[in-house]
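Right, one structure below, let's go through it.
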Amino acid sequence: MYTAALFDLDGTLIDTEPRSHEAWSRLFRNHGVPYDEATIMGFAGRPAREALLDHVDRFPGHTVEELFAEALGYTALPDMPPVRPVPGALELLNRLRASGVPLGLVTSGTRDYARHELGAIGALDLFDTSVTSDDVTRGKPDPQGCLACCAALGVDPSTVVVFEDAPAGVAAAKRAGADCVAITSTQSATALAAADLIVPDLTDMTWPPPTPAVVAAMRSEV
């Protein structure tokens, strides 16, 4: 039996990928910097400032902080794609909360960002603890955030299941020693192959989810 559930935010609980994709794309376009789909997807699941460090030399005269502020400003424009809860996310959170399952949030976003987005979907008060980019020195795929969240909840990472949507998040969960359920809301199943279980969204997600051993047994029967 799992002792706690940890959740990523963007792409796992809220569908921000269309908005984020457009914001990062717009940043590159408006500066005349060439980019491709792989470039934009490289921002998924990572702290924005860390991801920008990979590209800041292509924006002469600009700092990471300036570029981050510009991209963040784009997300508030009225012509950006809307943000919605991932199907089944709120239902699962409320069900786990009602059952007394400890809940943790581990996000690459800032604390202010996380509070705003969770408040917008009515999930702000559902978590027992949260770890944001403001609380760590190394972002995903480093396991620091996941380990810190487990420590705050007083649980062993090996007894925890982590819900993620990006390869960086899956890697962080596995490096922490936790089981991981990956959601294909932003990435392909192939990109998330390191996860223990892969699902399209959180609709009808059972608790506890199947353990890796159960999933392996199910696959062997196919």
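The values are calculated or read from the model by the stated rules, or taken from the named source; none is laboratory data. Owing to the predicted nature of the structure, the values given are computational and were not obtained by experimental measurement. Don't worry about glycine lacking a Cβ; one is built from the backbone with ideal geometry, like all the others, and counts go over all protein chains shown.
Consider segment 91-114 and keep the residues that are modelled with pLDDT under 95 and closer than 20 Å to Ser185 by Cβ. The one that is nearest to the chain's Cα centre (by Cα) is Ser108.
The helices (runs of 4 or more DSSP H) found entirely in segment 115-222 that carry 3 or more residues being in the same structural domain as Val101 (by TED's automatic domain parsing) and within 16 Å of the chain's Cα centre (by Cα) are 144-153, 167-176. Please work out if Arg29 is assigned to a helix (DSSP H, G or I) and out of contact with any strand residue (DSSP E or B) (no Cβ under 6 Å at 6 or more places or on another chain). Judged against the criteria, Arg29 is a match. Would you confirm, using the coordinates I've provided, whether Glu70 is part of a helix (DSSP H, G or I), touching a residue at least 40 places away in the same chain (Cβ under 8 Å) and under 20 Å from the mean Cα position of the chain (by Cα)? Spelling it out, it is not the case that Glu70 is part of a helix (DSSP H, G or I), touching a residue at least 40 places away in the same chain (Cβ under 8 Å) and under 20 Å from the mean Cα position of the chain (by Cα). Apart from one condition, Asp57 fits all of (1) outside any loop (DSSP other than H, G, I, E, B); (2) over 13 Å from Phe28 (Cα atoms); (3) without any contact (Cβ under 8 Å) to a residue 40 or more places away in the chain; the exception is (2).
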